[in-house]
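Written below as structure tokens is the structure these notes are about.
The values are calculated or read from the model by the stated rules, or taken from the named source; none is laboratory data. In this text, all values refer to a predicted model and were calculated from it rather than measured experimentally. Every residue, glycine among them, receives a Cβ derived from its backbone with ideal geometry; neighbour counts consider all protein chains shown.
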Amino acid sequence: MAESRPGNANAGKKAATGAYTPSGVSAVARRKRSYTIRLWSIRHSRMLEWFYDKFSRFFLLLHPIWRAIGYNRVEWPIKAVEKRVKGLMFDCRMCGQCVLSSTGMSCPMNCPKQLRNGPCGGVRANGNCEVEPDMPCVWVKAWEGSRNMVHGDRILTVQKPVDQSLRETSAWLRVTAVAAAEKEALMSKDA
Ligand code: SF4
């Protein structure tokens, strides 16, 4: 019977093709459903880019409410929603410093090496990951997704290393707070 394990399905069949399949791969167990929805999101990156633009503007409009309640107090419920929505759509790992708009809607934290600035040298000939042979390389997909987007060339911007202290925090709220502060600074300069 064909061997079937998440992240390394049908290893025997693959070996017969000559593909290198290290044993015990798939440090992170992934579900097929995550791949399917994640790949859908990348295919529809342009629509999601448009949607996120509207969504972030709407969120910014709500800044007075967030401020009145307190950003600290709304962090927990907003984070819970963000985690569920982005977890489903992008297999989000809640790094707290989202770069989906710059990576073709392909979350770089799904790269087993968590590379934020492009692929390693180990991408397989079929475009899959060297660590997880059944998973398309996150960065190959990022490039494909970026080509559909209006601001897809943002993928060329060099990203900072991940700030681990921001893990499990809401990127939506952080982006909103930063945008609101910039807007207020601009308005006070003009006044
Ligand atoms: S970049 Fe970070 S916040 Fe954005 S989807 Fe990936 S893990 Fe989540």
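Note on segment 66-92: among residues that are outside any helix (DSSP H, G or I) and under 22 Å from the mean Cα position of the chain (by Cα), the one that is nearest to Trp40 (Cα to Cα) is Asp91. Filtering segment 100-123 for residues that are in contact with an Asp or Glu (Cβ under 7 Å, 6 or more places away or on another chain), assigned to a helix (DSSP H, G or I) and either over 25 Å from Ser56 (Cα atoms) or not small (Gly, Ala, Ser) (or both) leaves a non-empty set. Scanning segment 164-186 for residues that are within 18 Å of the chain's Cα centre (by Cα) and either over 15 Å from Phe55 (Cβ atoms) or not hydroxyl-bearing (Ser, Thr, Tyr) (or both) yields a count of 11. Summed over segment 81-119, residues that are in contact (Cβ under 8 Å) with a residue 60 or more places away in the chain, within 6 Å of the ligand (Cβ to nearest atom) and under 17 Å from Gly152 (Cα atoms) total 3. Of everything listed in (1) at pLDDT 95 or above; (2) over 18 Å from Leu48 (Cβ atoms), the single unmet condition for Pro112 is (1). For first residues located in segment 65-80 and farther than 9 Å from Ser170 by Cβ, partners that are among the polar types (S, T, N, Q) and in a helix (DSSP H, G or I) and lie 6+ apart or on another chain with Cβ distances below 7 Å form the pairs Trp66/Thr176. Within segment 156-191, the set of residues being of a type in the set (S, T, N, Q) and at pLDDT 90 or above comprises Thr157, Gln159, Gln164, Ser165, Thr169, Ser170, Thr176.
Residue pairs whose Cβ atoms lie under 8 Å apart, sitting 6 or more positions apart in sequence or on different chains, and linking a residue in segment 164-191 that is of a type in the set (D, E, K, R) to a partner that is away from the ligand (no atom under 15 Å from the Cβ) and assigned to a helix (DSSP H, G or I), are Lys183/Leu60. Residue selection: Cys129 fails the criterion of being among the hydrophobic types (A, V, I, L, M, F, W, C) and in contact with a Gly (Cβ under 7 Å, 6 or more places away or on another chain). When Tyr71 is tested against (1) at pLDDT 95 or above; (2) crowded, with 21+ Cβ neighbours inside 10 Å, exactly one condition is not met: (2).
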